[in-house]
Amino acid sequence: NVKLGKYELASEDLKRAVNDYGVKYKTLIQDPDLAAMKALPIFDELSDQLKGGSTEAQQIKLRAESKSPFRLFRLIAAGGGSVGAFIALFTTIPALIKATQTGGDDLNQQLTNLVVNAASLVVLLFIVLRDLAEREKSERVMERLEQLGKLQVKRGNSKPVAVSRLRGTQRPVIVAGTSAHVKAAVKQAQAMRADLQTRGIVVVGVVLNSTAANDKIAALKREKGFGGAKEAAGGDGLVNAAEGAAPLAGSIDDTKGLKLDALEVEDWKAWINAQMAEAGVAEGANVYISLGLDGSVVSSGLGAPKWANICQELEPLDSTKTKFTNV
């Protein structure tokens, strides 16, 4: 079924093999015959349902914790410390009440204990709440990156592949905005093709306002009185521009091997718009998002990427720093 491209049927067969007949999940991962299916989001969905497979939620938590390996230790230590400080504070109160009746040095000691325990509790609770908030934020970021990993790209006539399958070998730079913005960014990248390729950088162009562009062109044609048989056939050049805007959203001419075509462009638009909303950027703005080898966001910003700067920030794939950091 996999070789025939019947992935839904193959998914059911694999689910039965692993869950009912004891085939190891690791065997599926290592099977070269499943390579085509493993490059698709359906395999990620299948992994969530297999014994021994890691669910998306588990992957998100693991990736989030890997970004801050000592956070769990801090949470345990600060959490335990805050419990101890609370107990100490709770026991200090009756002792303080008793000391107020007797006065003397015991009262001063109990007041000191109260201040120390209260301050310790406040500081430790602050650490716990801060780390919990950071973990929640990190998990939201990782969740968005996992969603990005399910989006698909392809190069030329090659088979589609999920962005997650590029991790470890390619550094995608997503360029989004108007068609002119995307075209210009790709053209500028071609001028630095050699430097970008040694760093594994590929460009994914996504036009965000192709529908709006079509509407504007159509409105201009109506205003100018175009739209007859000659114009409909492309005689004035405006029809061709309008028709060309939609394919451009997922495909931009590329002869140098730097560009990957974004498939299911509406899904790409939704992900990019969500990123822009999170960052407080107006929807439809010209932006870029540069990813590292591990799929994390290395840099992003308004306008076109400065390819020379990106080349300075990212080492070649064969450098020691790249192999050590995997960024």
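The values are calculated or read from the model by the stated rules, or taken from the named source; none is laboratory data. Only a predicted model underlies this, so the values are computations on that prediction, with no experimental measurement involved. Please note: Cβ atoms are built from the backbone with ideal geometry, for glycine as well, and neighbour counts cover all protein chains shown. For accessibility, only protein heavy atoms count, side chains too; no ligands or nucleic acids. Shrake-Rupley method; radii C 1.70, N 1.55, O 1.52, S 1.80 Å.
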Open item on the list: Step by step: first the residues of the stretch 14-29, then only those that are closer than 13 Å to PHE43 by Cβ and not basic (Lys, Arg), then the one that is most open to solvent (accessible area, probe 1.4 Å). Which residue is that?
Closed with: ILE29
Open item on the list: Restricting to the stretch 297-325, name every residue that is touching a Lys or Arg at 6+ places or on another chain (Cβ under 8 Å) and more than 25 Å from GLN190 (Cβ to Cβ).
Closed with: none
TODO: Please work out which one of (1) in a loop (DSSP other than H, G, I, E, B); (2) at pLDDT 50 or above; (3) crowded, with 16+ Cβ neighbours inside 10 Å is the condition ALA282 fails and give its number.
DONE: (3)
- [ ] Report whether or not ALA176 is open to solvent by 40 Å² or more (accessible area, probe 1.4 Å) and more than 22 Å from LYS38 (Cα to Cα).
- [x] no
TODO: Consider only pairs whose beta carbons are under 7 Å apart and that are at least six residues apart or on different chains; among these, list those whose first residue lies in the stretch 189-218 and is on the phi > 0 side of the Ramachandran plot and at pLDDT 90 or above and whose second residue is open to solvent by less than 40 Å² (accessible area, probe 1.4 Å) and of a type in the set (D, E, K, R).
DONE: GLY200/ARG171
Task: Residues of the stretch 99-112 that turn out to be in contact (Cβ under 8 Å) with a residue 12 or more places away in the chain and open to solvent by 50 Å² or more (accessible area, probe 1.4 Å), as a count - done: 1
- [ ] State all residues of the stretch 44-64 that are at pLDDT below 75, of a type outside the set (Ser, Thr, Tyr) and open to solvent by less than 50 Å² (accessible area, probe 1.4 Å); if no residue qualifies, say none.
- [x] ASP44, LEU50, GLY53, GLU56, ILE60, ARG63, ALA64
- [ ] Check whether at least one residue in the stretch 318-327 is assigned to a helix (DSSP H, G or I), at pLDDT below 90 and within 15 Å of VAL173 (Cα to Cα), and report yes or no.
- [x] no
Open item on the list: Quick test for you: out of ARG130, ARG167, ARG135, pick the one residue that is more than 22 Å from ALA77 (Cα to Cα), open to solvent by 30 Å² or more (accessible area, probe 1.4 Å) and either charged (D, E, K, R) or touching a residue at least 60 places away in the same chain (Cβ under 8 Å) (or both).
Closed with: ARG167
